[in-house]
Structures are given as structure tokens and as C-alpha cells.
């Protein structure tokens, strides 16, 4: 996309001059412009020192962008690279008048589990806790319940909380009412560091698997005095809390510290055990909790693709597919026209001819209005081919979960690399696809591609939407006719208190954008997209800076989840809830 001065001006108006300037400098630094200028202005001896420092940094697992190392294939890095990225980990703060040297305004009661079988590990954790500053205590099995003004922190024997642990909890609990606090972790093995960067407060993911690894802080009043603190799993306590809490309440009362402030005694077995639980959570119920779906397919001249897709849909059980509405936009190909005529012979198929300028949002909205059933709406591109046998049944089953309004599947490219595993905000100033281009399962991260989880938005290529939620929001925004309409709808649903859920057990192939590829060469297409981009950014501006459902420790410009965030490791707004 060509540079336009108005984009820079608009960005400064929305985000401020400072953040935009920093972004430009970082971009130039990544492309080598600043480095080349600096190198040209230094003498020969200084150049050699710079080169030696760069080689040492790369040797230890870093990258040429200062403070942003890339993780290896197993998503680890050397201890030296880790200390450069997170220099505060394990390093005592110097004495002085810094506000961080004062005792944090938070009272912590630690519960250490798993210590009866691991006396040495228990001693390590106790010693680490004793070095923390502030109102700190370790609860024994026989100790009375803590007072109501304290936080109860569940750890495992062998865990080592960083010195900043109380300070970061005090920082994050300042923002509104908080009852649950989770935090990023890291663990060490064979001289390498493995960051465990978690996707924020995500109740849907927690119901599928314990992605917090039983490390969490809870308000003391959430724990019954009768509970055996030494044996109860923190995961079970948080799940019990969620049962009595609405989605909006959970968003307001669950905070996540987007920094690895705990060295956790976890291993590959811990991760694999939770991965198996996540896979088991994808079992599909025999009875669906909702009516059959009304399916809307927009097409142009892709007769073969449309024929294969619709015939497959009509072959599905009646409790899954109620009807199929095909919206034909400017179809001229003889075979495609014959295909539409042939498909229209089935009483469950309705053909809408709309020979107007391409507007995907308008086509989808008109297709939705043409449906006659009362069940949910499923929007499908014509370049979709199912992989899993029960893909639609799995999507429909998820609408039975509380507050879920939209569900999207795992989409793969024809070479079986990931195209869509949920979307996150901030990539290129808009939104990106998590793990795009990853080869599964070896390039998955934690439970990203195997566990259902809440995301900020979903692709419109395959999108199941609760009808009442779609109609309440007046469907897709028709002023976003060529792109971003799916991101916009997801953000509006989330702002209204609904959940956008990614369902990885539903798998399809997506031949991305084959239907509109020819439109991109038209004279007005680029201008139209520029106008839509401006409208989208003006509407969502600040919400696009921070995605509370995406691990803040990763660089938001890296969809593969291999590059860590910039200098210092984290975005400054990571503690605050998003505007949506």
C-alpha cells in the first residue's frame, strides 16, 4: 500500500505525535535505514565494535532490532538474550527514592501446593517469597483463613516469584474492581528460557483447559473457609467464580499482568497434559442447542467451487442446514450461470441476483434478509472446502455457551498452513491472523490452535452468527463494502457484551480471496478501500492499539508468535481493559 500523508496525520490525531514518531523510528530501524546512517557516521574502530556487539547479540538468540529477540523453533531463547529483553527479572532494584522501592499497597497470602512430596522445591519457593517486600505471608494448612482485604496467591513448589511480583499486582489492581489476577510465566531448562505469554483474561479458554497452570491470585473472600487450600486446584476456584459471573462482570473483575513475573516449575508434561484436556473439550454433543442454520453464500463466477460447496451443504442433516441463500453478484460465466440454475431446483436453495457494484457487506445483509428460517446465520465464501466431517455441527454446538454470539473455525490454506485461527487487533494498525502460515501441530503455541477461546474478531469467510445479535446490530456495515466488515462486526459484538469464539475442532480449507481477485485491478477499488480504512480507524481508533485477548509480550506485527515485543518487552497499556 502506497504511503499517503493523510494516513500519518490521521495516526497522529488518534494516537498522538510521540507514539507515531516511535513507530516510524522503529520501522526505519527494522529496515536498516537508521543503522546504515549511524554506521556511515562512525569511524572504523567504532564500526568494528558495533559489528562485534551485533554478532554477540545474535549468537545469544537476539535480533538486530534492539530489545526484540526472536524465539527459536521451540519458542525459547538463551539466558543472555532473555536478560537483555527482561533485565528486571531476578535482578534486585537499587536502593533510592524510586516509587517502586516503597512497599507496595497490596497484602499477599501465598499458598504453596505440591510441597509435601518435594521438600527441596518447597524450600526454594519459601525462600523466594521471604525476599519479597510488603505485607507478605505464607499460609500453612492449619492457618486460619486470611482476612477479607488480602489476595491469596496460588503457587506450586519450585516456583520463584520475581521481586517485582507484589509491585505489579499492586499496579494492576488499581484499575477498578478486581477479584482475579493472572500473570505471564517463564520457565528455564538446560540453560534456555521459555516465556509462557498468556492471552489475557479469557474465560472461554479457561473452561477448555487450565492455561493459567494453576498459578493465579484470588480475593480471599472467593475462597470458602472449608476449602482445603493445600489440595484444591486454583483452576477449579476460578471456574466456580465464573459460574456466578456474567461475561461483562468477568471482563471488569479479572485482570492480567502482561509480564512474566513468575518463574514457574513447569515442564513439557504440564503443557501436554493441558493440551490433551483442550482437545477433549472439543467433543460435539449429539443434540444441538440451537435451530438449524440459514446459510448465505456470496459468489460471482466460481461455478465449480459454488457447486461443490452447496452440494456438500445440502447433504448435511436437516438439524444443521435449514436453507441456503446464494447471492450472485455480476455472474457472467456460462458454467457458473448453469450451476446456479441447477442448484435452484432444490427447494432449500434460493438464488438472489444482484448485478450491482461489489459490496460484500450489502450482499451478505440482503442474503440474511432473504432467509426464511429463525435459526442462526452462517456466512460462507464460495472458496471454502470442509476438512473435518462434523465442522458445522461443532460450530452450532458452541452457540449453546453463555453469551457466545459468533463462532469461527480453523481455516487452512490449500498447503494446510494456518490461514485463520482467530484474529487479534493491532497488526498493521488494524487486525491480524494469529499463527498465519504456521504448520500444525509443530508450530502451534501452547493451546492456540487446539483450544476454543474468545477472540476480538473472526474472519467473515466462515462466520456463524446468532441471528438476534446480528439483527440487533443491523448486520455488516455497508460502508465497509470490500474489507474490514468482519473485524468491525466482531468489535461491535464484543462492545455489546457478546463473545466471539474460535472453534479449532471445525476445520476447513480456504482459497483466500479467489472470488474478488479480479476486482482488485479496477480503477476505483484502491480508492474505495482507502475510504473504508479511514472510516474504520475513525470509529475504532484507540481500541486498535491494545488487544486484551492477545499475549502482550509478543510483537503485534508478528502473526507467527515468534518475535517478542519491543524494548522493555511490553506495551504500556497492557494493564488496562480495551475500549471494546
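The table that follows gives values for the structure above.
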| quantity | calculated |
| --- | --- |
| Count - residues of the range 372-382 that are in a loop (DSSP other than H, G, I, E, B) and either buried (at least 20 other Cβ atoms within 10 Å of the Cβ) or not assigned by TED's automatic domain parsing to the domain that holds residue 310 (or both) | 3 |
| Residue among 490, 475, 481, 497 that is in the same structural domain as residue 383 (by TED's automatic domain parsing) and farther than 26 Å from residue 397 by Cβ | 481 |
| Test result for residue 493, in contact (Cβ under 8 Å) with a residue 24 or more places away in the chain, touching a helix residue (DSSP H, G or I) at 6+ places or on another chain (Cβ under 9 Å) and over 23 Å from residue 370 (Cα atoms) | no |
| Subset of the range 443-470 [over 17 Å from the mean Cα position of the chain (by Cα) and free of Cβ contacts under 8 Å to residues at least 24 places away in the same chain] | 468 |
| Candidate set: the range 536-552, residues that are over 18 Å from residue 434 (Cβ atoms) and at pLDDT 90 or above; chosen: the one farthest from the chain's Cα centre (by Cα) | 538 |
| Number of the exception - residue 175 against (1) within 25 Å of residue 126 (Cβ to Cβ); (2) in contact (Cβ under 8 Å) with a residue 24 or more places away in the chain | (1) |
| Within the range 171-191, tally of residues that are surrounded by fewer than 20 Cβ atoms within 10 Å (Cβ to Cβ) and not in a loop (DSSP other than H, G, I, E, B) | 3 |
| Subset of the range 193-233 (residues that are part of a loop (DSSP other than H, G, I, E, B) and surrounded by fewer than 17 Cβ atoms within 10 Å (Cβ to Cβ)) | 224, 225, 226, 227, 228, 230, 231, 233 |
| The listed residue being in a helix (DSSP H, G or I) and buried (at least 21 other Cβ atoms within 10 Å of the Cβ), out of 464, 392, 410, 480 | 392 |
| All positions within the range 239-249 that are part of a helix (DSSP H, G or I), modelled with pLDDT under 90 and in contact with a strand residue (DSSP E or B) (Cβ under 9 Å, 6 or more places away or on another chain) | 247 |
| Filtered residue count, the range 147-157, keeping only those that are buried (at least 16 other Cβ atoms within 10 Å of the Cβ) and either more than 23 Å from residue 210 (Cβ to Cβ) or out of contact with any strand residue (DSSP E or B) (no Cβ under 7 Å at 6 or more places or on another chain) (or both) | 1 |
| Residue count, the range 351-363 (criterion: in contact (Cβ under 8 Å) with a residue 60 or more places away in the chain and in contact with a helix residue (DSSP H, G or I) (Cβ under 8 Å, 6 or more places away or on another chain)) | 3 |
| Hey, residue 236 more than 20 Å from residue 172 (Cα to Cα) and either over 24 Å from the mean Cα position of the chain (by Cα) or in a strand (DSSP E or B) (or both) or not | no |
| Options 86, 121: the member that is farther than 16 Å from residue 166 by Cα, modelled with pLDDT under 90 and within 34 Å of the chain's Cα centre (by Cα) | 86 |
| Filtered residue count, the range 312-359, keeping only those that are part of a helix (DSSP H, G or I) and either modelled with pLDDT of 95 or more or within 23 Å of residue 290 (Cβ to Cβ) (or both) | 3 |
| Positions within the range 298-312 being out of contact with any helix residue (DSSP H, G or I) (no Cβ under 6 Å at 6 or more places or on another chain) and free of Cβ contacts under 8 Å to residues at least 60 places away in the same chain, in sequence order | 304, 311 |
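The values are calculated or read from the model by the stated rules, or taken from the named source; none is laboratory data. Keep in mind it's a predicted model, so treat the numbers as computed, not measured. FYI the Cβ positions are ideal-geometry reconstructions off the backbone, even for glycines, and counts take in every protein chain you see.
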